[in-house]
1. Only residues in the stretch 221-246 that are closer than 15 Å to residue 80 by Cα count as the first member; pair them with residues that are part of a helix (DSSP H, G or I), Cβ under 6 angstrom, at least 6 apart or cross-chain, and list the lot.
2. Which ones in the stretch 96-135 are charged (D, E, K, R) and part of a loop (DSSP other than H, G, I, E, B)?
3. Test residue 103 against the stated conditions and say whether it is open to solvent by 30 Å² or more (accessible area, probe 1.4 Å) and farther than 26 Å from residue 161 by Cβ.
4. Under the condition of being within 16 Å of residue 191 (Cβ to Cβ) and in contact with a Phe, Trp or Tyr (Cβ under 7 Å, 6 or more places away or on another chain), which residue from the stretch 109-146 is surrounded by the most Cβ atoms within 10 Å (Cβ to Cβ)?
5. Quick check on residue 197: is it within 18 Å of residue 116 (Cβ to Cβ), in contact (Cβ under 8 Å) with a residue 40 or more places away in the chain, under 18 Å from the mean Cα position of the chain (by Cα) and buried (at least 17 other Cβ atoms within 10 Å of the Cβ)?
6. Which is at pLDDT below 95 and within 18 Å of residue 155 (Cβ to Cβ), of 231, 222?
7. Report, by residue number, each residue of the stretch 204-234 that is surrounded by 22 or more Cβ atoms within 10 Å (Cβ to Cβ) and part of a loop (DSSP other than H, G, I, E, B).
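The values are calculated or read from the model by the stated rules, or taken from the named source; none is laboratory data. Bear in mind that the values here come from a model prediction, so they are computed numbers and not experimental data. For neighbour counting, all protein chains shown are included, and Cβ atoms are generated from backbone atoms with ideal geometry for every residue, glycine included. Ligands, DNA and RNA are stripped out before the accessible areas are found, and what is left, the full protein with its side chains, is counted by its heavy atoms. Shrake-Rupley method; radii C 1.70, N 1.55, O 1.52, S 1.80 Å.
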Amino acid sequence: MAKRGCGCLPFALGGLLLIAWFGQDVTVPPLTVEQFDPRSPRRPLPGWSDEQFVIEDNPNGPADSMGTAFAVDRDGAWLTAQHVTHGCARVGLEDGRFARPVSRVIESREADAALVPDSLPSDAALPLSRRIPQPGTPGYHMGFPAGEPTLVMSELIGEASARRGRSDLTQPILAWAEKGRIPDGDGTLSGISGGPVFAEDGHVVGVNSASTDRRGRILTTAPDAVARLTAASRAVDDRPVAYPFAGLADAESRFTAWLDAGVIRRIFCDVDEKRGG
């Protein structure tokens, strides 16, 4: 088994992110967290390979953190990782120099994915697919490791499973081998959690979940699990067209355009609502 080193564990805000919570003087309704679990005798989890990863949780429990979110519906539905929103008293989506609080989060119990409905509208949405790409397929992971926009290139190894912390429940995942980054670097990928991973056909095929620094593996949610979450939310109606990537330069150009348009943003967790941003 491979344990995740620092991977995509929540990244402490500290003094790195000079961002304020929007409307500090305005009363914000408590965050409502719903859980979606499709597992039942009528709908068992799909099968996967025997390879399994153990994802280590923060031993000190939830902490103020930052991750990545991306728009999947122009009316204001966003996807991120479940471990980014779990245990938070407040969740905020980046809005300029502010974190705009969200009122509702739907967390998957099947996979490391969470959906934020009824949030900031977006000029565009990213196309989702429930199909698992073939092993060897190039992958493009987008997000904010250490708070900085970064494009990570990889190659799909295949399906696997992951167990988080001491839980007995396993999750279906895709395992990818990291091939490079723009900008170049070898630091922690913490902060990319919740960001999209694209197959070369232009579809999002998972949400960034974890990484194993020693083995250079990136773990993402299984695309069919994400599809079940978005369908259950009834908040995703858009069906954007997917355009295949023409190569690395094209992927980098699109990432920049999505950042400029606010289609991919940072998302923040505050575990103690009394502390503020």
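1. Pairs found: 236/230.
2. If the condition is that a residue be charged (D, E, K, R) and part of a loop (DSSP other than H, G, I, E, B), then 97, 109, 110, 112, 118, 123, 130, 131 are the ones that fit.
3. Yes: the conditions hold for residue 103.
4. Within the stretch 109-146, the match that is surrounded by the most Cβ atoms within 10 Å (Cβ to Cβ) is 142.
5. In short, no.
6. 222
7. The one that is surrounded by 22 or more Cβ atoms within 10 Å (Cβ to Cβ) and part of a loop (DSSP other than H, G, I, E, B): 222.
Residue by residue, here is whether (1) free of Cβ contacts under 8 Å to residues at least 24 places away in the same chain; (2) out of contact with any Asp or Glu (no Cβ under 9 Å at 6 or more places or on another chain); (3) farther than 17 Å from residue 204 by Cβ holds:
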residue	(1), (2), (3)
91	no, no, yes
96	yes, yes, yes
99	no, no, yes
102	no, no, yes
107	no, no, yes
112	no, yes, no
115	no, no, no
120	no, no, yes
